[in-house]
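The values are calculated or read from the model by the stated rules, or taken from the named source; none is laboratory data. These numbers come from a predicted model, not from an experiment. Glycine also receives a Cβ, built like all others from the backbone with ideal geometry; neighbour counts cover every protein chain displayed. For accessibility, only protein heavy atoms count, side chains too; no ligands or nucleic acids. Shrake-Rupley method; radii C 1.70, N 1.55, O 1.52, S 1.80 Å.
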Amino acid sequence: MKKLRIGIVDLVARAPTTSLYARLMHANLASIMPQAVAVWCEEEGHEVHLVCYTGFENIADLLPRDIDLLLISAFTQAAQLSYAISNQFRQKGVVTVLGGPHARCYPDDARKYFDYVLGFTDKDTLRSVLEDCAPQRPLGTHLSAKRQPESLPGVRERWKFIEPIIAKAPTIKIVPMIGSLGCPYTCSFCIDSTVEYQPLGFDQIREDLRFLRTKMKRPRVAWHDPNFGVRFNDYMNVIEDAVPPGSIDFLAESSLSLLSEPHLVRLKKNGFKAILPGIESWYSLGNKAGTGSSMKGSEKVKQVSKHINTVLRYIPYVQANFVVGLDEDEGDEPFELTKRFVDLAPGVFPAYSLLSAFGQAAPLNLDLQRHGRVLPTPFHFLDNNRATNVRPKNYSWGALYDNVIGLRKHSFSWRAVARRFQANRGTIPRGLNAVRALSAEGAGRIRYDTTVRRLLDRDAGFRRFFEGETAALPRFYLDQLRSDLGPFWASLPDGALSHDPNAYLRAQGHAGAEGLAAQATGS
Ligand code: B12
Ligand code: SF4
């Protein structure tokens, strides 16, 4: 096989930015797979240049001019940026490949702008692209391994790619690791609800943790497992065997059901400093919250807040994740219950995600498309916050936004911020929570949602888009997209502003997937 010059771009940012948060934290959000793919490409004998795009870099300057192949990793929020970059490089004769959450969720849309679109990716899938490496136009080739890979390159192998990325983070530096793939739970909105749980090699984890201590004085590790600690004792045994207790700080997403008090004792001893449990809803998903399926509503609030307060006694930073707009929710009650939770567990940082149907990620999305409830909201806004693309089942848009704004105001009021500050211990949890509440995440989102709410009342075109009556993109979205993408706007390929929100249903052979096809104009 010819030795290829390969560029890999990990799009952490969705567009150029100057934000302080991005400067401090974006490099810490780098994904594992672009680094893994870089290792595999080198193992196949190719020359690799990896750029983690945090919103500040000039990608063209950082990659050699004469690359043969460009692989981009993108979340859906960065889809339009990735399409623009792919277009720039294709015009120079480079073959392009898309991987990551957007490729898994919207392969049919991405094929219009990339030569290859990869779903599950193992070394064999990658090798077939490297061997082929030819333009695939007008429609790219979609490839996916049958299942998740059995193993991934560890920290030692990825270190040459990790080191320059974390060098960009000025203060807190976080190394990404992963101990498992898939999840045993089946939350219907989640991309991993149908992916079998699979632990990755414990020997590699042991070796990686030891290796890290030779490279960093006090490493900080973020576990990227969809649900960390499912085989709790195995993971704790390996950490305890690898490194002295508390010599590495850990962060992880873990369901509440795994956080019993004996487990918390062990997590604390082993240096876990931040835990992000998903509560999601007061009416469903009781198994992962550890409350069982019969406990609902205010009873569940009391039980969960008590549990979270116990977690906070052991782990200094706790973020509780909620999904708003689920079909189980109706009326003001779910929002009032969450406000009650915020009062009862004042030390926790509540993170609210608007229910989003990411293409063909989850089984629930098929159902939503079948019922014509998915909107062609531009990808750039699909980050769980700035927009939802799902028409709510039990709320008018006005009622949903009134409730979301009310909840955010309650959660990030001066009173709540002060109570959170008092309840937290340590400079980092206190500082981080205050900054998050007072910046883009708290105050910023209240302002943004208030604008959306106003437009719903005053702008007929905006309202019609939300009601699914037109696919013509509202000015509000177009103007932001143009200004956010800045220099990349001019490189957006034709058609890249819109997409078919029912592509998943259509791909299953349902011709009746009428809804709103991609008819939006980009002017
Ligand atoms: C860990 C995680 C995070 C971490 C790490 C993020 C990161 N940069 O990797 C943190 C907490 C930082 C995070 C943040 C966010 N996340 Co997140 N996150 C996850 C989670 C739980 C696991 C993803 C993971 O790493 N899996 C392990 C890898 C190995 O498996 P995989 O993702 O399936 O990847 C396979 C293929 O897709 C492919 N592949 C993946 N990447 C690449 C790259 C290349 C080049 C190639 C060729 C192939 C390839 O190969 C892999 C092996 O088969 C998923 C949910 C889930 N249960 O999967 C959400 C998920 C990916 N996150 C999501 C979202 C929306 C976000 C945020 C936008 C939320 C927010 N508002 O802040 C941010 C964006 C962060 C950013 N700018 O990068 C969505 C993405 C949906 C979408 N289509 O965009 C998901 C799916 C959750 C959901 N809502 O359903 N997240
Ligand atoms: S517990 Fe988390 S990772 Fe597992 S299916 Fe539910 S939302 Fe997805």
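Data table
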| item | result |
| --- | --- |
| Given charges at beta-carbon only (K, R positive; D, E negative), |dipole| of the chain in Debye | 1740 |
| Separation in nanometres of the label points that stand 7 Å from Cα toward Cβ, at K2 and H49 | 1.8 |
| Partner lysines for K3 [C-alpha distance under 26 Å; skip if fewer than 8 residues away on the same chain] | K92, K123, K160 |
| Solution diffusion estimate, µm²/s, Stokes-Einstein, the chain, Kirkwood Rh from C-alpha pairs, 4 °C, viscosity 1.567 mPa s | 54 |
| For the range 364-373, 3J(HN,Hα) per residue [Karplus equation, 6.51 cos²θ - 1.76 cosθ + 1.60, θ = phi - 60°, Hz, x = Gly/Pro] | 4, 5, 4, 5, 5, 5, 4, 8, x, 9 |
| Charge dipole (the range 185-324, unit charges on Cβ, about Cα centre) - positive-most of F250, V238, Q204 | F250 |
| The range 276-417 shape via C-alpha gyration tensor axes, a/c threshold 1.5 | prolate |
| List H499, H307, H142, ordered by accessible area with a 1.4 Å probe, largest first | H142, H307, H499 |
| Dipole axis of the range 385-443 (+1 Lys, Arg; -1 Asp, Glu on Cβ), positive-most option in A440, G398, T427 | T427 |
| The chain - share of DSSP beta bridges that are antiparallel (%, nearest 5) | 5 |
| Ordering of 56-66, 370-380 by burial proxy (mean other Cβ atoms within 10 Å per residue, highest first) | 370-380, 56-66 |
| Expected 222 nm ellipticity per residue - DSSP helices of 4 or more, -39500 (n - 2.57), all of the chain, to 500 | -12000 deg cm²/dmol |
| Amide proton proximity set for I8, modelled H, under 5 Å, gap of 5+ | H49, L50, V51, L71 |
| Carbon and sulfur %, accessible surface of the chain computed with the full protein complex present, 1.4 Å | 51 |
| Orphan Cys of the chain, criterion: no other Cys C-beta under 4.7 Å | C41, C52, C105, C133, C183 |
| Distance from the range 180-233 to the range 82-158 (C-alpha centre basis), Å | 24 |
| Options T338, L355, L485, ranked by Cα towards positive dipole end of the chain, top entry (Cβ charges) | T338 |
| Over 29 Å between alpha carbons, listed pairs K217/K302; K173/K302; K215/K273; K217/K268 | K217/K302; K173/K302 |
| Relative contact order of the range 13-142, defined on C-alpha pairs under 8 angstrom at six or more residues apart (%) | 21 |
